[in-house]
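Contents: one structure, followed by commentary.
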There are 2 protein chains.
Amino acid sequence: MVRPGGRSARVQASVHAAVRELASEVGRDALTVPMIAQRAGVTPSTIYRRWGDLQELMSDVAVERLRPDTAPKDIGDLASSLTAWAEQFFDEMASPAGRAYIRDALLGDPDGSNAGRCSAYAAEQIDIILTRATERGENTPDTETVIDHVVAPLMYRILFRPDGLDASYARRLVATAMTLSRTSSPPTA
Amino acid sequence: MVRPGGRSARVQASVHAAVRELASEVGRDALTVPMIAQRAGVTPSTIYRRWGDLQELMSDVAVERLRPDTAPKDIGDLASSLTAWAEQFFDEMASPAGRAYIRDALLGDPDGSNAGRCSAYAAEQIDIILTRATERGENTPDTETVIDHVVAPLMYRILFRPDGLDASYARRLVATAMTLSRTSSPPTA
DNA sequence: CAGCTTAAAGCAAATTTGTTGCGTCTGGAG
DNA sequence: CTCCAGACGCAACAAATTTGCTTTAAGCTG
């Protein structure tokens with residue numbers, strides 16, 4: 001268990017900061033554990049003991065940066081709100097930086113908990129949008145349906161086929177998902 | 001450029017074989033470059049120079065193992081064929097071994113070409129199934145539609161939310177995708 | 001088919017990274 | 001206030017990675 005306060009927390013913050021600084025200075029691929037340790041004012045063995053290796057540390061940092069900082073904007077209707085959110089999600093995730101974070105988050109993640117957290121972030125944002133629409137009396141698809149038919153295709157193509165993507169693709173996915181509002185049978189989870 | 005035959009080819013084959021053998025003997029996570037080099041009868045520097053690092057080598061091997069070895073079975077109609085294929089795809093990919101291969105394929109892949117190859121394998125299989133159905137006069141969805149609404153959700157959940165998945169989820173995705181046969185607007189690619 | 005060219009492999013030294021045992025420090029509980 | 005446990009620092013050690021140079025052999029070319 002990581003202690004919540006005091007020195008442990010300071011070390012954690014300073015290591016994370018060192019990663020962010022160095023990543024922007026020398027590039028993500030040039031990072032090494034000893035380099036990060038020195039910048040953070042910490043010995044390498046501290047990092048190895050606490051995070052295991054560079055990948056797990058990067059995964060930890062990546063999840064932090066993928067956390068949404070604000071609730072999605074409330075535009076009028078569901079179709080507009082979801083489209084706007086999907087476009088923004090696409091822009092963030094499909095950028096070189098976003099792709100690197102996604103890869104890092106998936107990479108150093110032995111038990112899948114970091115990846116699960118990323119997915120939960122998206123689910124929360126979608127939930128907010130759908131709840132607002134439901135309160136307005138709109139007919140809405142299930143959160144899981146939006147994940148399956150909007151988020152998943154975006155992530156799949158970002159990860160497996162990064163070429164020829166643009167925001168119009170995100171819009172099309174939302175339009176298709178909207179047609180599934182009534183007929184869909186949501187998955188198990 | 002990698003020379004197509006002779007010694008280069010022998011080294012490549014022997015290194016790949018060494019990876020497969022050792023992975024089943026000591027476990028994937030215990031592999032190291034020097035260990036693989038010794039088993040393959042090669043010096044470590046050969047592997048470093050040719051593949052860069054362990055991740056890229058593992059990615060290379062993983063793509064080999066993710067390549068389908070046979071054309072999908074031809075059952076009667078489109079719905080059955082696609083469902084059968086999706087179930088098999090799900091079983092292979094969601095297994096611990098399959099998940100490990102997917103991760104490896106994505107991880108050591110600086111330019112995304114290995115991931116693209118994996119995606120192309122699935123697209124080929126789907127194409128075969130859809131072409132057969134079209135020749136039978138059936139109304140079929142687009143290949144890209146099947147990728148977006150069947151393959152992508154499966155991969156997304158395997159990567160980001162591995163819990164609570166089963167084959168019935170794959171069946172449900174196929175059923176939903178079939179309803180998109182006429183109305184879908186396929187994505188750019 | 002003999003000679004030439006050059007990519008790729010071998011070898012070994014040097015460097016860098018990762019591991020581990022042990023003593024010290026510091027939150028936080030009692 | 002005192003004690004305990006977990007986390008950190010330090011340093012020696014072990015392992016992996018990089019690199020300059022040499023050697024081998026694939027595939028042309030004449």
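The values are calculated or read from the model by the stated rules, or taken from the named source; none is laboratory data. Here the structure is a predicted model, which means the values were calculated and not measured. Don't worry about glycine lacking a Cβ; one is built from the backbone with ideal geometry, like all the others, and counts go over all protein chains shown. Surface areas here come from the heavy atoms of the whole protein model, side chains and all, with no ligands, DNA or RNA. Shrake-Rupley method; radii C 1.70, N 1.55, O 1.52, S 1.80 Å.
Quick notes
- Pseudo-label separations to other copies for B:Ala13 - Cα-to-Cβ vector, 7 Å, nm: 6.0
- Relative contact order (%) - criterion: Cα under 8 Å, at least six apart; region: region A:68-178: 38
- Taking the label point 7 Å along Cα→Cβ, B:Gly137 and its counterparts in the other copies are spaced 4.9 nm apart, in ascending order.
- In Hz, Karplus ³J(HN,Hα) per residue of region B:61-70 (6.51, -1.76, 1.60; θ = phi - 60°; x = Gly, Pro): 5, 4, 4, 4, 6, 8, 5, x, 9, 9
- Label 7 Å beyond Cα on the Cβ vector: A:Gly41 copy-to-copy distances, nm: 5.6
- Whether region A:87-176 is rounded, prolate or oblate, judged on the alpha carbon gyration tensor where a/c under 1.5 counts as rounded: oblate
- Chains A and B, summed buried accessible surface - 1.4 Å probe, Å², nearest 100: 3300
- The convex hull of the Cα atoms of the protein assembly as shown, projected and averaged over all directions, covers 21.6 nm².
- Each residue of region A:131-142 was assigned a 3J(HN,Hα) from its phi angle through the Karplus expression (A = 6.51, B = -1.76, C = 1.60, θ = phi - 60°), giving 5, 4, 5, 4, 5, 7, x, 6, 7, 10, x, 6 Hz with x at Gly and Pro.
- Mean separation of Cα contacts under 8 Å, 6 or more apart, over the residue count of chain B: relative contact order %: 20
- Accessible surface of chain B, 1.4 Å probe, proportion on carbon and sulfur as whole %: 50
- Radius of gyration and Dmax over the Cα atoms of region A:6-52, both given in Å: 10.1, 31
- Solvent-accessible area per residue for the protein assembly as shown (1.4 angstrom probe, square angstrom): 48
- Relative contact order (%) - criterion: Cα under 8 Å, at least six apart; region: region A:6-52: 34
- Chain A residue nearest by beta-carbon to the axis mapping A to B, with distance in Å: A:Ala152, 2.
- Contact residues in region A:92-127 (at least 50 Å² less accessible area with all protein chains than alone, 1.4 Å probe): A:Arg103, A:Leu106, A:Leu107, A:Ser119.
- Across every direction, the projection of the convex hull enclosing the Cα atoms of region B:6-162 has a mean area of 10.6 nm².
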